[in-house]
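**Student:** Mind looking over this structure? Questions follow.
The values are calculated or read from the model by the stated rules, or taken from the named source; none is laboratory data. Everything numeric in this text was worked out from a predicted model, so none of it was measured. Counting neighbours? That spans all protein chains shown, and the Cβs are built from the backbone with ideal geometry, glycine included. Just so you know, the surface numbers come from the protein's heavy atoms only, side chains and all, with ligands and any DNA or RNA stripped out. Shrake-Rupley method; radii C 1.70, N 1.55, O 1.52, S 1.80 Å.
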Amino acid sequence: LLQEIKLIVHELPDIETEAEAIVCNNTQEYITLTNGLSDNPNLYTYLWSTGATSRTIMVNEAGTYSVTVTNGNGCEKVRTITVTASDEAVIDDVIVTDLTDNNTVTIIATPATEVNTTYQYSIDMPNGPFQTSNFFEDVKPGIHTVYVIDEKGCGIVSKEISVLAIPKFFTPNGDGVNETWNVIGIKSSLYEKSNIYIF
């Protein structure tokens, strides 16, 4: 005996089930985690892993957060958001090799707190372009500013440096060419306890 059975299939909530976000330890600012819905949020209920029942939550700590989104038919789907922490850099040291034909600068930077992040580097250009290498070659003599930016968007730090050059000769003979001698790139605030001896 055949009998017809009518099945009613209710759709699951249409959400993005995986997401990632970044919090910045240096600012401690809150970020908003969303439910991932693309349609009318009033048609659903929400239960976050924090116990909240709102459409969104605000967090400022790294961790894994989830929200169970349930539609009017009782069908539910879970969205998981992995929040990682980043931090601005601390410039520990800037190694300047100057007074050569090829002046180099190496920037040593580490995170201010224990986070897994990477940095990019620039000299004299706070808006970039930035490079992944912390090593710069053929740096012109003078006063420069090095910049270190967090790749995850948690800030930029800077430090003023000096790259020195000493003219190999001067000819004070009144012809207007090479009349004076001075150290290029020197600044009193960077070298206030230095002395120059001429033999």
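**Student:** Quick check: Cα centre of the range 109-135 to Cα centre of the range 1-28, how many Å?
**Tutor:** Between the Cα centre of the range 109-135 and that of the range 1-28, the gap is 38 Å.
**Student:** Using per-residue counts of other Cβ atoms within 10 Å, averaged over each peptide, order 79-85, 69-75 from highest down. It would help to have the intermediate numbers written out before the result.
**Tutor:** Details: 79-85: 18.1, 69-75: 14.1.
Those peptides, ordered most packed to least, come out 79-85, 69-75.
**Student:** With a 1.4 Å probe and every protein chain kept in, tell me what percent of the accessible surface of the chain is carbon plus sulfur.
**Tutor:** Details: 6720 of 13080 Å².
Of the solvent-accessible surface of the chain, carbon and sulfur hold 51 percent.
**Student:** If you take the charge dipole of the chain about its Cα centre, with +1 on Lys and Arg Cβ and -1 on Asp and Glu Cβ, which of S38, T56, H144 is farthest toward its positive end?
**Tutor:** Going by the charge dipole, the pick is T56.
**Student:** Give the Debye-formula value of log10 I(q)/I(0) at each listed q (0.11, 0.17 Å⁻¹), with one equal scatterer per alpha carbon of the range 49-199, two decimals each.
**Tutor:** With one equal scatterer per Cα and no solvent, log10 I(q)/I(0) is -0.63, -1.01.
**Student:** Order 54-62, 142-150 from most to least packed using the mean count of other Cβ atoms within 10 Å. Walk me through the intermediate numbers first.
**Tutor:** Working: 54-62: 14.4, 142-150: 19.8.
Top of the packing list down: 142-150, 54-62.
**Student:** Based on the mean of other beta carbon atoms within 10 Å per residue, what is the order of 12-18, 104-110, most packed first?
**Tutor:** Numbers: 12-18: 14.1, 104-110: 17.4.
Sorting 12-18, 104-110 by mean packing, highest first, produces 104-110, 12-18.
**Student:** Hey, what did the chain get for relative contact order, percent, Cα under 8 Å, at least 6 apart? Can you show the working numbers first?
**Tutor:** Details: 410 pairs, mean separation 31.3, N = 199.
Once normalised by length, the contact order is 16 percent.
**Student:** Any idea what the dipole of the chain comes to, in debye rounded to 20, about its Cα centre with Lys/Arg Cβ at +1 and Asp/Glu Cβ at -1?
**Tutor:** Working: 10 positive and 26 negative charges, 48 e Å.
It comes to approximately 240 debye.
**Student:** Please give the net charge around S38, taking every other residue with its beta carbon less than 10 angstrom from that of S38, where Lys and Arg add +1 and Asp and Glu add -1.
**Tutor:** Net charge around S38: -3.
**Student:** With every protein chain kept in place and ligands, DNA and RNA left out, what is the accessible area per residue of the chain? Probe 1.4 Å, answer in Å². Working shown, then result.
**Tutor:** Values: 13080 Å² over 199 residues.
Counting only protein heavy atoms, the per-residue value for the chain is 66 Å².
**Student:** Within the chain, count lysine pairs with alpha carbon atoms under 22 angstrom apart where the residues are 8 or more positions apart or belong to different chains. Can you show the working numbers first?
**Tutor:** Numbers: K140/K159; K140/K168; K140/K187; K159/K187; K159/K193; K168/K187.
Here the count comes out as 6.
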